[in-house]
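Participant: Just dropping this structure here.
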Amino acid sequence: MAGLAGVVCLLLLLAASSVAAVAAAEAEFRSSYIVHVAAEHAPQSTRPRLLARSYTFLRDSLPAHMLRPAPRVFYAYAHAATGFAARLTERQVAHLASQRSVLAVVPDETLQLHTTLTPSFLGLSPSSGLLPRSNGAADVVISVIDSGIYPMDRPSFAADASLPLPPSKFRGTCVSTPSFNGSAYCNNKLVGARFFYEGMKLRMGVAAFSEAEDSLSPLDTNGQGSHTASTAAGSAGVDASFFN
């Protein structure tokens, strides 16, 4: 009888230890990361199934004991970059970064501005170097991932009759929200505007995110995105300021 009691106690102890281990894993802190996967190993599929393929990649790449807490994938990439954005623990990140199929794992973080004098900071000149050599590049669509864009009454983003239509393979769109009228703000200069917020929402928390005025819109409220976009693709010859 004592032996049976000892077995029962041992089983209870093992069960309690397993529950504690699961609870500790679930409590492990997670942050948002972009996982850059080598193209030959990257999840491949059409858009609706690409997120599911990214989960499959994680399940195949992580040992079973690292699958808790479960990674959460919220964006997947298959064009300019291959990979996905996900909520991961530090242990999961370290293991992924050690895999030959993974090129880099980059944390989602807020970066501080370096300058508002971008042309001189980059060494750009209208008379020599990159700008004159580009020859205007009228058949190129430049995508800027930043804090948004503020196009209202801004000459850098005004319609330009000399510009051709976007390339036929361009699949961008201009969304509208209560603070951003896409049909009014977009034109043949500004051909698309979208917003992606899942990483910010996870970082800020749902309550703080809901109160943020610039959370759910392409509208730029701090000037950084507009400044970057106008530097990269704004109309030439306008008297641009920080917001122009």
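Participant: Can you run down the residue pairs with Cβ atoms below 7 Å, 6 or more apart or on separate chains, where the first is in the stretch 123-138 and in a helix (DSSP H, G or I) and the partner is polar (S, T, N, Q) and modelled with pLDDT of 75 or more?
Facilitator: So the pair list comes out as Leu131/Ser125.
Participant: For the condition surrounded by 13 or more Cβ atoms within 10 Å (Cβ to Cβ), out of contact with any strand residue (DSSP E or B) (no Cβ under 6 Å at 6 or more places or on another chain) and of a type in the set (Val, Ile, Thr), what is the one hit in Thr110, Thr89, Thr82, Thr118?
Facilitator: Exactly one of Thr110, Thr89, Thr82, Thr118 is surrounded by 13 or more Cβ atoms within 10 Å (Cβ to Cβ), out of contact with any strand residue (DSSP E or B) (no Cβ under 6 Å at 6 or more places or on another chain) and of a type in the set (Val, Ile, Thr), namely Thr118.
Participant: Can you report the number of residues in the stretch 71-110 which are charged (D, E, K, R) and part of a loop (DSSP other than H, G, I, E, B)?
Facilitator: Matching residues across the stretch 71-110 total 3.
Participant: Could you count how many residues in the stretch 146-160 are in contact (Cβ under 8 Å) with a residue 24 or more places away in the chain, in a loop (DSSP other than H, G, I, E, B) and either out of contact with any strand residue (DSSP E or B) (no Cβ under 9 Å at 6 or more places or on another chain) or hydrophobic (A, V, I, L, M, F, W, C) (or both)?
Facilitator: 7
Participant: Is it the case, given these coordinates, that Pro167 is more than 30 Å from Ser32 (Cβ to Cβ) and assigned to a loop (DSSP other than H, G, I, E, B)?
Facilitator: yes
The values are calculated or read from the model by the stated rules, or taken from the named source; none is laboratory data. On a predicted model such as this, the values are computed, not experimentally measured, just so you know. Cβ atoms come from the backbone with ideal geometry, glycine included; neighbour counts cover every protein chain shown.
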